[in-house]
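The values are calculated or read from the model by the stated rules, or taken from the named source; none is laboratory data. Keep in mind that what you see is a predicted model, and the values were worked out from it rather than measured. Cβ coordinates were reconstructed from backbone atoms using ideal geometry, including for glycine residues, and neighbour counts include every protein chain displayed.
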Amino acid sequence: MAESLLAALVSLNGPGHYFHWHWIDISYANLTVIALMVVTFVAALFVPFPGRRHKKETK
Amino acid sequence: MSESPDVKVAPWTGPQRPYDIIKEGTIAFVVVAILTIGLALVFSSPDDPQVTVQQWSTKAPIDFAQTALAELNGTSGTAQYGAPYNTASSGQQLGPFTLAKWLGATIPVNTVRDFVVDPLTDQPATPALSSALTQWKGASATQRTAWVDAYTKASGKMTFTNGTVSVPTNAAGPVPVMINTLEQMARSGALDQALVTQSGFYTSNFTLPLLFLADGSYLGDLAQQRHLLGTQWGMMNETGNYPGQAWLWLYTFWYQVPPFSTSANADVQVWGIMMLLSLLLLLVPFIPGLRSIPRWTRVYRLIWRDHYRAQGA
């Protein structure tokens, strides 16, 4: 009972999956995290600051 | 002489805005906490079972016995590693600098004593084991070497049948009984306990069982299956499908390319490169060219695009 309560909704404990290209060997999990980091960085550059359009900037 | 445009920067005369770092920090903390708890609830965490000497000796008894023999005859990885475990070799060195040797054998490991003789001595005595240990401890170094050499010579024909390790030789003195008893001890789980508890009351020092496991092939084979070897970018991997230490990509990258991929001193060489690169990063504001990259890439104009647009208008 306790074990089923503690079990993950999505188990990632199965055999890992990897992307191979020449000498590059990276897990899809790491690729996903890196892609999310890149998306966050790009979003930080392009998404406007919250309230930027409304707040009056002071000199 | 004109000053560098990276150093001589005009003071900011544009608009300013209030900034509440406490508010921003609190929001960041709450968002990260919600993400952490949410992801932990959905995905939990890696749950690979611990690898033990008992498991190793049960699943690969010959590999275990051959490794125990390597600890006895001094050919194991640990026996030949050098500092910090012994003085058998110079250890890792950076060019002419024998860094590991300078630091010395700070965690002394005598593979014969720590992996074989001491654990066997801790075992409940049986007549055969007591006799073998008495014979071993009373023999000269030359005699011990002769026994171990005879066993090593015949070890290519080692077999494991009905829980017993056999090697076709009669010239190995007490060595067959010692190896066989160690195998049985390992399969019962007693060796795991004996190797850990040698360090004292608290059983949190796993140095000896880890070194013993690493000297065999079993642990390496498991690591290879899970993509955890150094040659598989293992430093940045986690077991299963969990994301690992992606931020270590540069550290493990060097191990994949020559000359580091074939160097016996790759550990200290890669460490040296990373220290050098870290120093470069720390000194970016003082390095001409490197410090100009933000000015050349003009990413700042994207961030403050409203200001520059207004300025251009």
B:PHE160 fails exactly one of (1) touching a helix residue (DSSP H, G or I) at 6+ places or on another chain (Cβ under 8 Å); (2) at pLDDT below 95; (3) more than 20 Å from B:GLN80 (Cα to Cα), namely (2)
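Only residues that are more than 7 Å from chain B (Cβ to nearest Cβ) and modelled with pLDDT under 95: list them for region A:12-30, please. Before the answer, list the steps.
Initial filter on region A:12-30 (more than 7 Å from chain B (Cβ to nearest Cβ)): A:15, A:19-22, A:24, A:28.
Once the filter is applied, which keeps residues that are more than 7 Å from chain B (Cβ to nearest Cβ) and modelled with pLDDT under 95, region A:12-30 yields A:PRO15, A:PHE19, A:HIS20, A:TRP21, A:HIS22, A:ILE24.
This table checks each residue for (1) under 18 Å from B:ASN241 (Cα atoms); (2) within 10 Å of chain A (Cβ to nearest Cβ); (3) free of Cβ contacts under 8 Å to residues at least 40 places away in the same chain.
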| site | (1), (2), (3) |
| --- | --- |
| B:VAL9 | no, no, yes |
| B:GLN16 | no, yes, yes |
| B:ILE22 | no, no, yes |
| B:VAL32 | no, no, yes |
| B:THR36 | yes, no, yes |
| B:ALA40 | yes, yes, yes |
| B:PRO46 | yes, yes, no |
When B:PRO285 is run through (1) more than 12 Å from chain A (Cβ to nearest Cβ); (2) within 27 Å of B:LEU99 (Cα to Cα), the failure sits at (2)
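A quick yes/no check of all residues on (1) in a loop (DSSP other than H, G, I, E, B); (2) out of contact with any Gly (no Cβ under 7 Å at 6 or more places or on another chain); (3) among the hydroxyl-bearing types (Ser, Thr, Tyr); (4) surrounded by 15 or more Cβ atoms within 10 Å (Cβ to Cβ):
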position: B:GLY82; (1), (2), (3), (4): yes, no, no, yes
position: B:THR87; (1), (2), (3), (4): yes, yes, yes, no
position: B:LYS101; (1), (2), (3), (4): no, no, no, yes
position: B:VAL109; (1), (2), (3), (4): yes, yes, no, yes
position: B:PHE115; (1), (2), (3), (4): no, yes, no, yes
position: B:LEU129; (1), (2), (3), (4): no, yes, no, yes
position: B:LEU133; (1), (2), (3), (4): no, yes, no, yes
position: B:GLN143; (1), (2), (3), (4): no, yes, no, no
Exactly one of B:GLY234, B:GLY216, B:GLY230 is surrounded by 15 or more Cβ atoms within 10 Å (Cβ to Cβ), within 19 Å of B:TYR81 (Cβ to Cβ) and within 13 Å of another protein chain (Cβ to nearest Cβ), and that one is B:GLY230
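Scan region B:265-313 for residues that are farther than 30 Å from B:VAL9 by Cβ and surrounded by fewer than 11 Cβ atoms within 10 Å (Cβ to Cβ) and jot them down.
Looking only at region B:265-313, we keep the residues that are farther than 30 Å from B:VAL9 by Cβ, and these are B:265-275.
Once the filter is applied, which keeps residues that are farther than 30 Å from B:VAL9 by Cβ and surrounded by fewer than 11 Cβ atoms within 10 Å (Cβ to Cβ), region B:265-313 yields only B:MET275.
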Within region B:145-163, residues of a type outside the set (A, V, I, L, M) and not in a helix (DSSP H, G or I) come out as B:THR159, B:PHE160, B:THR161, B:ASN162, B:GLY163
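Of the residues B:SER188, B:SER155, which is of a type in the set (Ser, Thr, Tyr), in contact (Cβ under 8 Å) with a residue 60 or more places away in the chain and either surrounded by 18 or more Cβ atoms within 10 Å (Cβ to Cβ) or under 30 Å from A:TYR18 (Cα atoms) (or both)?
Every option except B:SER155 fails the conditions.
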Log entry, pairs with first residue in region B:301-313 being within 11 Å of chain A (Cβ to nearest Cβ), second being at pLDDT 80 or above, beta carbons closer than 8 Å, six or more apart or on different chains, reads B:ARG301/B:TYR308; B:LEU302/A:LEU45; B:LEU302/A:PHE46; B:ILE303/A:LEU45
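How many residues are of a type in the set (Val, Ile, Thr) and within 17 Å of B:PRO108 (Cα to Cα) if we restrict to region B:196-252? Give the derivation first.
Here is the first cut: in region B:196-252, the ones of a type in the set (Val, Ile, Thr) are B:196-197, B:203, B:207, B:231, B:239, B:252.
Narrowing further to those that are within 17 Å of B:PRO108 (Cα to Cα): B:196-197, B:207.
Of the residues in that region, 3 qualify.
Taking region B:1-52, which residues are β-branched (Val, Ile, Thr) and surrounded by 11 or more Cβ atoms within 10 Å (Cβ to Cβ)?
The answer is B:THR26, B:ILE27, B:VAL42, B:VAL51, B:THR52.
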Residue count, region B:249-270, condition touching a residue at least 60 places away in the same chain (Cβ under 8 Å) and assigned to a helix (DSSP H, G or I), comes to 3
If we ask which residues in region A:31-41 are at the interface with another protein chain (Cβ under 7 Å from one of its Cβ atoms) and surrounded by fewer than 13 Cβ atoms within 10 Å (Cβ to Cβ), their number turns out to be 0
Can we say B:THR262 is farther than 23 Å from B:PHE115 by Cα and surrounded by fewer than 16 Cβ atoms within 10 Å (Cβ to Cβ)?
yes
Quick check on region B:52-69. Is at least one of its residues modelled with pLDDT under 95 and part of a loop (DSSP other than H, G, I, E, B)? no
The one condition B:ALA171 fails out of (1) closer than 30 Å to B:VAL270 by Cα; (2) among the aliphatic types (A, V, I, L, M); (3) more than 31 Å from the chain's Cα centre (by Cα) is (1)
